Structure formats: structure tokens, C-alpha cells
Amino acid sequence: MRTLRTVPELRTAVRAARRQDPTGAIGLVPTMGALHDGHLELIRRARLECEHVVVSLFVNPAQFNASADLAAYPRDESRDAGVASDAGADFLFAPSLETVYPPGFATSVQLSGPIAESLEGAHRGAAHFHGVTTVVTKLFNMVQPDVAFFGQKDAQQVLVIRKLVADLDLPVRIETVPTVREPDGLARSSRNVRLQGDDRPLALALRAGLTAAERAFTAGARDAGTVHAAALAAMTDLGVAPEYLALVDPLTLAPVDAIDDGTLVAVAAHVGGTRLIDNTTLGTTPNGRR
Ligand code: PAF
């Protein structure tokens with residue numbers, strides 16, 4: 001695996017890969033590092049589907065709403081490089097802050113509407129997804145991948161990026177990879193390393209809430225209030241209050257009153273000092289896509 005730092009270096013490498021294999025797809029796995037099994041699954045999927053795999057590693061300040069959260073974000077590039085290489089990446093694109101946001105940088109790519117403004121957008125502030133869409137647009141332009149891979153754990157981010165790609169006619173296919181969980185059900189996240197002592201068992205409250213929603217749905221509940229109450233009770237029984245716990249349409253993120261197959265249940269909660277998110281799709285339809 002080669003580590004690339006600048007856009008000219010990256011473009012030369014990607015062009016050479018395309019020349020060597022004109023029909024081979026270039027796959028991009030965008031990350032902010034602190035790679036865990038969820039990222040490994042993205043890289044493995046990219047490896048299976050694409051001839052050339054680029055993993056990007058850039059902690060994007062523009063998408064953090066709290067400077068303490070940005071400062072606390074785990075960073076260990078040499079570890080991440082080893083992990084990405086072992087998982088089958090061909091290139092690690094690890095640009096500096098100045099490469100992505102050179103002095104005088106003044107452009108922002110902003111999605112409006114409920115897909116970006118509800119849930120995470122409402123709670124973290126509009127700047128969060130503006131930061132995501134700006135950096136992802138830049139990464140797509142820098143790497144020019146055929147396919148890009150994102151995790152379903154960030155279900156709203158996937159919808160935002162699909163909309164971005166559709167609205168701007170970006171020539172990239174978006175693939176969603178199911179959430180990878182720890183053996184006890186906690187969704188893999190770079191933030192999990194921050195869960196200290198008693199916080200770790202408390203973090204299971206998010207999955208417990210989602211499981212309660214799944215059980216209520218399987219038992220026949222179709223009223224959003226009933227399913228919501230079951231999920232909320234499971235979380236509060238474990239001593240965790242959600243920041244939001246929402247039953248929404250999986251494509252528009254509009255709140256639903258009546259649940260059906262494919263309804264997305266999305267949750268965010270603070271556990272100790274760590275903010276976690278998770279989601280599930282009710283019924284049998286995978287990944288919230290009908
Ligand atoms: O999901 C993430 O890690 C980030 O939001 C992404 C897509 C790499 C953009 O910074």
C-alpha cells in the first residue's frame with residue numbers, strides 16, 4: 001500500500017492504475033481514521049468489488065460542532081496505515097489540513113431540507129452536514145472513484161451523500177455496508193475507545209432501545225407511539241436518556257405515525273462524555289432501502 005499526501009500524487013497514482021487496467025473500478029473508502037472493524041468491512045467490500053482501493057484518512061474539522069470533540073478524536077496514522085494495508089487497500093490518501101482546506105478556502109457544499117436538517121442536522125447543527133458534504137465532494141473530485149463505500153451506522157449520512165451525488169450529478173456509485181457490531185451488540189465506532197469504565201455497559205442502551213423497537217414491531221405493533229415507548233423504556237431502564245429516538249421514513253427521514261416494513265429507527269445518546277448514534281430498519285428490508 002502506498003501512502004499519498006497531495007492531490008497531484010494521488011491523481012498520478014489513480015491515473016496509472018486506470019491506464020494499467022482501463023475497465024477496473026476505483027473504489028474509495030472515506031474515513032477519519034481510528035479504523036475499526038466497521039471500516040475493515042468497508043475496505044473488504046471495496047476490495048471485493050473494485051480493482052483498485054483508495055482509503056482516505058482525513059479528520060475533517062468542518063464537520064465537528066464542538067472543538068473538544070475534534071481535539072479528542074483519536075489519531076494514529078501509522079496504526080491506521082497498517083490496518084488499511086492488511087485489509088487490502090492499495091492507496092492510503094492522507095492529506096494535510098492545508099491540502100484539503102488551503103488558505104483562502106471559501107466554498108461550502110450545502111444540502112438543505114429534512115434529509116440534512118433533521119436528526120443529526122438538528123442536534124449537531126447545520127454545519128455538521130455542510131462539513132460532510134463539502135469534504136466528501138472534495139474527496140470525490142480528488143480521487144474520482146467509480147464507487148464509494150459508507151457504513152449504514154451513519155444512515156443519515158448515507159442519505160445525505162446519495163442526495164448530494166444525485167443533485168450534483170457526481171459520477172460515483174454509493175454502496176452502503178451493514179453496521180458491524182461488537183459481540184454484545186454495540187455498533188463499532190471510533191468513539192467507542194472513549195467509553196471508560198461504567199460507560200461501556202451503559203452504551204448498550206442504544207442497541208437495547210433498537211432491539212425493543214424491533215421486538216415491538218415483530219409482535220405486531222404498528223403505531224409509532226407504541227414502538228417509541230417500548231424503545232424509550234428499554235433505554236431509560238438502563239439509565240440512558242436518548243438525545244433523540246426517532247421513527248422515520250428511511251428515504252425522506254420524515255417522522256412516521258404508522259410503522260411499516262422499512263421504517264428507520266434512529267437514536268443518539270450521550271453516554272458519559274461520549275456521543276453515540278445507532279439505527280435499525282424494522283422488518284426484513286435491509287439497510288432502509290425499499
Ligand atoms: O463517516 C465519516 O467518517 C466521515 O463523515 C467522512 C465520510 C469520512 C467525511 O469526513
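Consider a paramagnetic label point 7 Å from the Cα of Arg75 along Cα→Cβ; state which residues of segment 26-40 have an amide N under 15 Å from it.
Under 15 Å, as judged by backbone N against the label point of Arg75, lie 32-35 of segment 26-40.
How high is the FRET efficiency between Asp37 and Asp167 when r is their beta carbon distance and R₀ equals 25 Å, given to the nearest 0.05?
For Asp37 and Asp167, the calculated efficiency is 0.20.
Provide the per-residue ³J(HN,Hα) series for segment 143-152, in order, calculated from phi with Karplus coefficients 6.51, -1.76, 1.60 and θ = phi - 60°, each as a whole number of Hz, with x at glycine and proline positions.
Once θ is set to phi - 60°, the couplings for segment 143-152 become 8, 6, x, 7, 9, 10, 10, 9, x, 5 Hz.
When a/c is below 1.5 the answer is rounded, else prolate if a/b is larger than b/c, else oblate, so apply that to segment 70-190 with a ≥ b ≥ c taken from the square roots of the Cα gyration tensor eigenvalues.
Rounded.
Given the options Val14, Ala148, Leu282, identify the residue whose Cα lies farthest towards the positive end of the charge dipole of the chain (+1 on Cβ of Lys, Arg; -1 on Cβ of Asp, Glu).
Val14
Which residue fluctuates the most in the chain, going by a Gaussian network model with Cα springs under 10 Å, if the choices are Ala81, Ala71, Ala126?
Judging by the Gaussian network model, the answer is Ala71.
Be a star and scan segment 254-273 for residues whose amide nitrogen sits under 19 Å from the point 7 Å along the Cα-to-Cβ vector of Arg222.
Zone members listed by number: 255-265.
Around Asp169, under 14 Å between beta carbons, what's the net of Lys plus Arg minus Asp minus Glu among the other residues?
Taking every other residue near Asp169 into account, the sum is +2.
How many percent of all Cα-Cα pairs in the chain sit more than 25 Å apart?
Every Cα pair in the chain considered, those over 25 Å come to 48 percent.
With axes computed from alpha carbons, what is the tilt in degrees of helix 77-87 against the longest principal axis of the chain, rounded to the nearest 10 within 0 to 90?
Long axis of 77-87 versus the principal axis of the chain: about 90 degrees.
State whether segment 147-290 is rounded, prolate or oblate according to the following rule on the C-alpha gyration tensor (a ≥ b ≥ c being the square roots of its eigenvalues): a/c under 1.5 gives rounded; otherwise a/b larger than b/c gives prolate, and the remaining case gives oblate.
Oblate, because a/c is 1.5 or more while a/b does not exceed b/c.
Identify which of Phe129, Phe140, Phe150 has the largest mean-square fluctuation in a Gaussian network model of the chain, with springs joining Cα atoms closer than 10 Å.
Of Phe129, Phe140, Phe150, the Gaussian network model singles out Phe140 as fluctuating most.
Counting Lys and Arg as +1 and Asp and Glu as -1, each charge on the Cβ, what is the dipole of the chain about the Cα centre in debye, to the nearest 20?
Charge dipole, the chain, about its Cα centre: 600 debye, nearest 20.
Please give me the summed charge of the neighbours of Val29: other residues whose Cβ is under 12 Å from its Cβ, Lys and Arg +1, Asp and Glu -1.
Combined, the nearby Lys, Arg, Asp and Glu give -2.
Quick check: the angle from helix 155-167's long axis to the longest principal axis of the chain, C-alpha only, nearest 10 degrees?
It works out to around 50 degrees.
No value in this document is a laboratory result; all are computed from the given coordinates. Every value quoted in this text rests on a predicted model; they were computed, and no experiment measured them. Positions of Cβ are backbone-derived with ideal geometry, glycine not excepted, and every protein chain shown enters the neighbour counts.
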